[in-house]
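For reference, the structure is listed below as structure tokens.
None of the figures in this text is laboratory data; all of them are computed from the coordinates on show. These figures come from a predicted structure and were not determined experimentally. Backbone-built Cβ (ideal geometry, glycine too); neighbour counts: all protein chains shown.
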Amino acid sequence: MAKLTFLGAAGCVTGSKYLVEANGKRLLVDCGLFQGTRELRERNWENLTDIASTIDWVVLTHAHLDHTGWLPRLLKQGYKGNIYSNAATRELCGILLPDSGHLQEEDAMHAERKGYSRHKPALPLYTEDEARQALTRFVDNPRTGPFTLCEEFTVRQHDAGHILGSASLELTITEGAKKTVVLFSGDIGRYGQPILKEPEPPVQADILLCETTYGDRDHPNDSPYDEMADVVNRVVKRGGVIVIPAFAVDRTQLLMYVLRKLEDSGRIPHLPVFVDSPMAISVTGLYLQHPEDYNIQFTKEETKGDALDVHEVHMTRTADESKKINSVKDPCIIISASGMATGGRVLHHLVQRLPDSRNAVLLCGFQAEGTGGRALQDGVKTLRIIGQEVPVRAEIVDMKQFSAHAGQSELLRWVNGFPIPPKRTFLVHGEPVAAGAFQKLLNARPGWWSAVAQYRQTIDLDVS
């Protein structure tokens, strides 16, 4: 009898891993890092060798590290098979995974210097070289139509509209004459956004795993252009600098698009914009190579020129170029990873700019519990960054309009696309309050049964 085990993204937003078993065959859907609180991060060090060595295939929904960032660790613990994704996801992973390995090594060196690691000497979760080894296992699967892994497992992708290459996965499990369809939502994107296509309506399924990142709330309806213009103009007026912790994938590209639109319409001045993230610079190049993900409007705009560039952009790849931004005293915008202020160059910019009340820090995406971004969102007066207590005097602006995740009403719009409700729905990829709120909404609807998935829970996929 087929079964599924929640190895991550159950009771939390990160660490997406779902183990599916049928007739002795084992498939892992996603293989992500846990991020956020120390308790969650500790799970990244768990020993899964008994599982890793028995998995036959890995299939990915998209490239974000909370869905892919544990792949090098999976190989390290004995996984021997291929990793299946579409070409855009593979190419994004080619940027994200080595960078993650590099950061793991840097964090280990820093921990060793400061003496706070539990390992002696301090160890990285995995290295950049191990991340590159994982990339050799990638195999492209088609963006449309089914692909068969074995008699038991057939997979079909459906555009999720979240980031470049993002997909919901329709998994058909065949056991003799019996077929069961499990739909993994992946991360559902937004409707009516500037660059990417909207999420495809869901296909009929027996069992649904539905993300609930924003299951308890909606994003603001007001225009991100209006709020961005207001923020830029008031910070410029007081002679400040805007620091934007931004995810390298999708968020940086969307921010550049919006800033360019505001410049072209004369609503903000032409400011120096520093994209201080080698990863984001490379990802932007990938976005321009995959028009199959564009919506119609962006396709038209991109044919007229680079819609993801501002008038005075500075792409800073090297560490020396990044450090020189510290000497910029006139108004400017700094876009730098990571998006939750958990690592990367943005930490150094926050150390420099947070103490000055003329400046602003613009948060523009989900901030998980335990991250620097969540602390700023919650109004802390000081923030510990790179071992030092930094006073928070800069204005903190939380622009939820830029989220790449569907809000509550958008999630409902997506599930309303089912011709008939799935027989069972399990809510994943959400903090307990968000998942619980969405469960109440679903269970109040005729024909729906849903439950919040629990970490390490195993469920029966027999719905007959």
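Computed FRET efficiency, Cβ-Cβ of residue 54 and residue 237, R0 60 Å: what is it to the nearest 0.05?
Efficiency for this residue pair is about 0.45.
Using 1/(1 + (r/R0)^6) with R0 = 35 angstrom and r between the beta carbons of residue 295 and residue 454, what's the FRET efficiency to the nearest 0.05?
0.40
Taking the alpha-carbon centroid of each part, what is the distance from the range 247-300 to the range 1-64 in angstrom?
Going from one Cα centre to the other spans 32 Å.
Which parts of the range 326-361 would a label at residue 309 reach, counting a residue when its backbone N lies under 14 Å from a point 7 Å out along Cα-to-Cβ?
No residues fall inside that zone.
What's the extension gain from residue 356 to residue 382 if we count 0.36 nm per residue and subtract their Cα-Cα distance?
The span from residue 356 to residue 382 would gain 8.1 nm if fully extended.
Calculate the tail of P(r) for the range 224-402: the fraction of all Cα-Cα distances greater than 29 Å, expressed in %.
Taking all Cα-Cα pairs of the range 224-402, the fraction more than 29 Å apart is 16 percent.
Tell me, what is the FRET efficiency for residue 328 and residue 444 to the nearest 0.05, using R0 = 51 angstrom and their Cβ-Cβ distance as r?
Computed FRET efficiency for residue 328 and residue 444 comes out at 0.45.
In the range 316-352, whose amide N lies under 18 Å from the spot 7 Å out along Cα-to-Cβ of residue 267? List them in ranges.
Correct set: 333.
Taking a cut-off of 20 Å between Cα atoms, list the aspartates and glutamates near residue 423, but don't count ones fewer than 8 places away on the same chain.
Within the straight-line limit of under 20 Å, residue 423 reaches these aspartates and glutamates: 21, 170, 175, 206, 211, 460, 462.
What is the helix-to-structure angle for 278-287, meaning the angle in degrees between its Cα long axis and the longest Cα principal axis of the chain, kept from 0 to 90 and rounded to the nearest 10?
Roughly 60 degrees, rounded to the nearest 10.
For a 21 Å ceiling on Cα separation, which of these pairs sit above it: 237/381; 329/400; 3/25; 17/114?
237/381; 329/400; 17/114
Express the Stokes-Einstein translational diffusion coefficient of the range 1-141 in µm² s⁻¹, to the nearest whole number, given a Kirkwood radius over alpha-carbon pairs, 10 °C and a viscosity of 1.306 mPa s.
My calculation gives 104 µm²/s for D.
Specify the angular offset, from 0 to 90 degrees and rounded to the nearest 10, of the alpha carbon long axis of helix 224-237 from the longest principal axis of the alpha carbons in the chain.
For helix 224-237, the angle is close to 30 degrees.
Just grab the label-to-label distance for residue 218 and residue 1, each label 7 Å out from Cα along the Cβ direction, in nm (one decimal).
With each label placed 7 Å out from Cα toward Cβ, I get 4.2 nm.
Given axes a ≥ b ≥ c from the Cα gyration tensor, I'd like to know whether the range 319-359 is rounded (a/c under 1.5), prolate (a/b larger than b/c) or oblate.
oblate
To check you understand DSSP bridge types, tell me what percent of the beta bridges within the range 224-402 (both residues inside) are antiparallel, rounded to 5.
20
Pick the calculated Kirkwood radius over Cα pairs in Å for this structure from (1) 27.3; (2) 26.5; (3) 22.7?
Matching entry in (1) 27.3; (2) 26.5; (3) 22.7: (3).
Let me know the shape class of the range 20-67, please: from the alpha-carbon gyration tensor, a ≥ b ≥ c as square roots of the eigenvalues, rounded when a/c is under 1.5, otherwise prolate if a/b is greater than b/c, or oblate.
In terms of gyration-tensor shape, oblate.
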